[in-house]
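Novice: First, the structure itself, so that you have it in front of you.
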Amino acid sequence: MPLPSRTRRRLLRHLGTLGALGATAAGMAGAARTAATSASADLCTTPPRFDTPLLVPRGDGVMGRLTLGNRRVALRAAPYGNHGALAFVTRVDRRDYFDPTLVARTGDSVRITLANSMDEPTIAHWHGLTIDTANDGNGDVLVAPGRTIDYAFTVRNRAGLYWYHPHPHGATAGQAYRGLFGLIAVEDDEELALRRTLQLAPGETEIPLVLHDRRSTTPLQYAASVEDLLHGWYGDEILVNFTPRPFLDVTARRYRFRVLNASNARIFRLGLSRDNGAPMPFLLIGTDGGLLEEPIAVTELFLAPAERADLLVDFVDLSVGGFVLLESRAFDPMHAELRPRRSSESPDEGHAHAAPANGAVSSGSDGGAFAMLQFRIRGRAETRPPLPARLSVPVVQPAPGGDERPLRLGFAKGRWRINDRVYDMNATPIVVARAAVETWLIRNYHSSMPHAMHLHGFQFRVIERETSPEQLAPLVIDARGRLATDLGWKDTVLVWPGESVRIAIDFRHPFAGDQIYLFHCHNLEHEDGGMMLRVKVA
Ligand code: C2O
Ligand code: CU
Ligand code: CU
């Protein structure tokens, strides 16, 4: 069936932009493969090449901003292009959206119909939202191919960057990897005030950066090996907003970047560096659950799968013609304990490479150094609004009462486990009283790897980190061992091997009857493998 030419043009534009999904990926695939399979020395000398304009979501199209308002939106989970990619698609007011950024106001009534046009069951989960079980999309109910499901819920969260992604147990990783996910931008008065004060405009000076890694295969294929299932599925190229090797032209002013790590397994150690190689500090202004009370100056931060970081970056000191790189710095991935040893292996293989290449990393590993995005300074701004001292009014959480709930993360009999258990959809090993405020003590064994632990339905606070690995030491900013990213509302927290992390969760909720939520690792291979427990709030 021939498409009307406008629609066709649009589609071609989108497919072009999503180069990694289509034929344009082939060139990169070759380059990345060469880099990945040769010695790390080659990676270091690969000249950075950022030749594709970053996809910046504006009106419609890929990641386009779709204001939900109070209308019913029909989302369809569908194949995208002919290369194995998937997307949530919708058409509103004769505009097409692919993985739209759903824009809502706190208090909005959201009504979404999800249709499944794929050949496997799916369900959408609204990650980070305060929501009842019936609308949470936790995987108990699936949408079969050709069927639909209706969601209806009120947006109860404060402003923040949340997201939505598939959650069919055992098949989440493959669907998410193939591109089936999108952002949810919740706005409230504080958020709009901040934008006014800083003169930020979405799509211009406020830009989401969705980071994820891909294996440069055409078609896009998810076929995890036993080792991938153990460590997670790592790609060999990094995409930012689905764009490989991206650059963004900026003016020498302040920008807000709202970063989501949408990778299945990869952890980023995010930083910025100037064209002379010097690290460039920036401000952390928000975390998973919205704005911090005040900005925190940082030089780097770890961002695990599903975590978000809201950043202010000031390009004002840079000269026109210069550039800044968004990079992931080298770190110890701490997977070594479980890695099957091969005699030919050199001790530091799979660990950090010394210098950034442009988004090409060796697959099967984490912790390499690479640059992901180049900001090119193209002009100067006329005005420079002052930074507000206070970003948001503190939301005080009642102090936890009673005993700590221990949660141990470990590996046994071929599976990653929480308290020695794997997921059982008929069991609720954690039962919480609905009015309770609890402390959870999440302890990761030494012979483990980092796990990004996520709780559905609630935002929590990190209250303490203990026995953290040495590489966190430079990032610790208070006497309780916390990091800058621990000081806001969180729904996902990274727990390193040997580390203990205490979180406080307020389980009050407004929903009638018992509710079931999930607590799981957001390394999607671990989640699909059953590193997940049901939590009943009764
Ligand atoms: Cu973002 Cu249960 O997940
Ligand atoms: Cu979630
Ligand atoms: Cu895990």
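The values are calculated or read from the model by the stated rules, or taken from the named source; none is laboratory data. These numbers were taken from a predicted model, which means no experiment stands behind them. Glycine also receives a Cβ, built like all others from the backbone with ideal geometry; neighbour counts cover every protein chain displayed. Keep in mind that these areas ignore ligands, DNA and RNA; they rest on the heavy atoms of the full protein, side chains included. Shrake-Rupley method; radii C 1.70, N 1.55, O 1.52, S 1.80 Å.
Novice: Can you give the three extents of the C-alpha atoms in the chain along their principal axes, from longest to shortest, in whole Å?
Specialist: Reported extents, whole Å, longest axis first: 59, 58, 51.
Novice: Enter the mean projected area of the convex hull around the alpha-carbon atoms of region 197-380, in nm², rounded to one decimal.
Specialist: 11.9 nm²
Novice: In addition: Given H placed 1.01 Å from N in the peptide plane, which residues other than close sequence neighbours of residue 58 have an amide H under 5 Å from its amide H?
Specialist: For residue 58, the qualifying residues are 65.
Novice: Also, quick follow-up: Express in Å², to the nearest 10, the accessible area of residue 111 obtained by rolling a 1.4 Å probe over the protein heavy atoms while all chains stay in place.
Specialist: 90 Å²
Novice: Here's another thing I want to ask about it. Whose amide H sits under 5 Å from the amide H of residue 523, counting only residues 5 or more places off or on another chain, with H placed in the peptide plane?
Specialist: Answer set, sorted by chain and number: 452.
Novice: So what are the ³J(HN,Hα) numbers for region 288-298, from phi and the Karplus equation (6.51, -1.76, 1.60; θ = phi - 60°), rounded to whole Hz, Gly and Pro as x?
Specialist: Going residue by residue, I get 3, x, x, 5, 6, 5, 9, x, 10, 6, 9 Hz, with x marking Gly and Pro.
Novice: Where in region 102-133 is the amide nitrogen less than 19 Å from a point lying 7 Å along the Cα-to-Cβ axis of residue 76?
Specialist: Residues 102, 112-124 qualify, since their backbone N sits under 19 Å from the label point.
Novice: First compute the accessible area of region 197-380 with a 1.4 Å probe, then give the percent of it belonging to carbon and sulfur atoms.
Specialist: The computed percentage sits at 52.
Novice: Let me ask another. Ignoring everything except DSSP H segments at least 4 long, calculate the 222 nm mean residue ellipticity for the chain; use -39,500 (n - 2.57) per segment, divide by total residues, nearest 500.
Specialist: Mean residue ellipticity at 222 nm (helix-derived): -3000 deg cm²/dmol.
Novice: Spelling out what I want: for every residue of region 94-101, take phi, set θ = phi - 60°, compute 6.51 cos²θ - 1.76 cosθ + 1.60 (Karplus), and round to whole Hz; glycine and proline get x.
Specialist: Once θ is set to phi - 60°, the couplings for region 94-101 become 6, 10, 9, 10, 10, 6, x, 7 Hz.
Novice: Please state the relative contact order of the chain as a whole percent: Cα pairs under 8 Å, 6+ residues apart?
Specialist: So the answer I get is 15 percent.
Novice: Moving to a separate point now. Which sequence of 413, 490 reflects their accessible areas, 1.4 Å probe, from the largest down?
Specialist: I get 413, 490, largest accessible area first.
Novice: Accessible area of residue 499, 1.4 Å probe, to the nearest 10 Å²?
Specialist: 0 Å²
Novice: If I model a spin label at residue 144 and residue 381 as a point 7 Å from the Cα along the Cα→Cβ vector, what separation in nanometres do I get?
Specialist: For residue 144 paired with residue 381, the spin-label model returns 5.4 nm.
Novice: For the chain, with every protein chain kept in place, what is the accessible area per residue (1.4 Å probe, Å²)?
Specialist: Accessible area per residue: 38 Å².
Novice: Still on this structure, I have one more. Roughly speaking, to the nearest percent, how much of region 473-538's 1.4 Å accessible area is carbon and sulfur?
Specialist: 52 percent
Novice: With a 1.4 Å probe and all protein chains kept in place, how do 133, 106, 148 rank by accessible area, largest first?
Specialist: 148, 106, 133
Novice: Would you mind getting me the FRET efficiency between residue 412 and residue 478? Use the beta-carbon distance for r and R0 = 35 Å, nearest 0.05.
Specialist: The formula returns an efficiency of 0.55 here.
Novice: With every atom except the alpha carbons ignored, what do you get for Rg and Dmax of region 159-296, in angstroms?
Specialist: Reported Rg and Dmax, both Å: 17.1, 51.
Novice: Looking at region 404-537 from every direction and averaging, what is the projected area of its Cα convex hull in nm²?
Specialist: Result: 8.1 nm².
Novice: Another question, if that's okay. Please give the Cα centre distance for region 57-123 versus region 243-320, rounded to the nearest Å.
Specialist: Here the answer is 26 Å between Cα centres.
Novice: Based on the Cβ-Cβ distance of residue 431 and residue 320, what FRET efficiency does E = 1/(1 + (r/R0)^6) give at R0 = 51 Å, to the nearest 0.05?
Specialist: Once rounded, the FRET efficiency stands at 0.25.
Novice: List, in order, the whole-Hz ³J(HN,Hα) value for each residue of region 418-430 obtained from phi through the Karplus relation with A = 6.51, B = -1.76, C = 1.60 and θ = phi - 60°; use x for Gly and Pro.
Specialist: 10, 6, 6, 10, 10, 4, 9, 5, 9, 10, 10, x, 10
Novice: Which cross-chain or sequence-distant (5 or more) residues have an amide H under 5 Å from the amide H of residue 203, H modelled 1.01 Å from N in plane?
Specialist: Those qualifying (amide H under 5 Å, at least 5 residues apart or on another chain) number zero.
Novice: Place a label point 7 angstrom from the Cα of residue 109 along the Cα-to-Cβ direction, then list the residues of region 127-164 whose backbone nitrogen is under 14 Å away.
Specialist: Residues 151-155 fall inside that zone.
Novice: Report residue 405's accessible area, 1.4 Å probe, all protein chains in place, as a number in Å² to the nearest 10.
Specialist: The accessible area comes out at roughly 60 Å².
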